[in-house]
Amino acid sequence: MTREDRAISIVDLISQAMAVIDDGEQAEQLVCNALAKATGADSAALLGIDLGRRLRVHAAFPNQRHAAVLADAALHGGRRSEGTNLQAGQHPVLGDIVTIGPELVEQAPGQDRVRVVALAKRGGFSPEARALLAESVAPLQLLLPHVADACRRAQQVRTAADAAAALNLTAREVEVLQLLAEGLLARTIAARLGLSPRTVHKHLSNVYTKLGVHDRLVAVSIARAQGLIAA
């Protein structure tokens, strides 16, 4: 594989990921699969630290079982190339391990947006594969935070939909609740949504009844805790 071929592979990977970035998990899985196949890796994992400060496997190749072993090995071994986000190491079972991305520090703030790609190959990566991985570092460092944000948005949408269904809240009631949480008054909400103030008050009354509250601050607090609205 020539340098031009590697560049084409990297551009193609980024283009495919951007095409499905609105579905965060799909974009993460695409990156994981594409790098594994391009380098001939036996296993690959896209890793991150969640809001609970726990290690999470966001995408896996060929399956979660292989990825769990790789994740532990990648985080606890290897030597980082000076001045780069590329780390290489050896594992007695997995063979060569290459990790792309910054170190995951479980106690550091803002780590839920960081992603690391780890790949392993028992027989060792070829020089061409190592070159591809090295040249992928900078593009991936630009791409993966956006993929992570898309993943988080997709999860928030699903959480909100599940919470609304559980509480029997309509989409309009959730919309009114979100604007209420932003500090808007009923008449302002009405103007924003093209409704009458009376209709907005009716929606708010329904929201309070379904949440079992009588106070706007308590309603907003419960909605945020349930993932109904953005914090």
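Give the value in nm², to one decimal: projected area of the alpha carbon convex hull of the chain, averaged over all directions. All intermediate terms of the calculation are to be shown ahead of the outcome.
Values: hull surface 60.5 nm².
Result: 15.1 nm².
Taking a straight Cα-Cα cut-off under 14 Å and skipping sequence neighbours fewer than 8 places away in the same chain, the aspartates and glutamates within cross-link reach of residue 121 are 42, 96. Scanning the chain for GluC sites (Glu not before Pro) lying in DSSP loops with no more than 16 further Cβ atoms inside 10 Å, the longest uninterrupted stretch between such sites is 1-81. Positive end of the dipole of the range 122-202 (Cβ unit charges, origin at the Cα centre): among 151, 200, 171, the Cα lying farthest that way belongs to 200. Computed over the chain, relative contact order equals 17 percent, with contacts defined as Cα pairs under 8 Å that lie 6+ residues apart. With contributions of -39500 (n - 2.57) from each DSSP H run of at least four residues, the per-residue ellipticity at 222 nm computed over the chain stands at -18500 deg cm²/dmol. For the range 109-231, the normalised intensity computed at q = 0.17 Å⁻¹ comes to -0.87 (log10 of I(q)/I(0), Debye sum over alpha carbons, equal scatterers, no solvent).
In whole percent, what relative contact order does the range 84-210 give with Cα contacts below 8 Å and a gap of six or more residues? Numbers along the way, then the final one.
Working: 111 pairs, mean separation 20.6, N = 127.
The normalised contact order for the range 84-210 reaches 16 percent.
Rolling a 1.4 Å probe over the heavy atoms of the protein chains gives the chain an accessible area of 53 Å² per residue. Note on residue 210: lysines with a C-alpha under 20 Å away, same-chain residues under 8 apart excluded, are 202. Each part reduced to its alpha carbon centroid, the range 129-188 and the range 199-214 end up 25 Å apart.
The values are calculated or read from the model by the stated rules, or taken from the named source; none is laboratory data. What you are looking at is a predicted structure, and each value in this text was computed from that prediction instead of being measured. Heads up, the Cβs are rebuilt from the backbone with ideal geometry, glycines too, and the neighbour counts pull from every protein chain shown. Accessible surface is based on the protein model in full, side chains and every heavy atom, while ligands, DNA and RNA are left aside. Shrake-Rupley method; radii C 1.70, N 1.55, O 1.52, S 1.80 Å.
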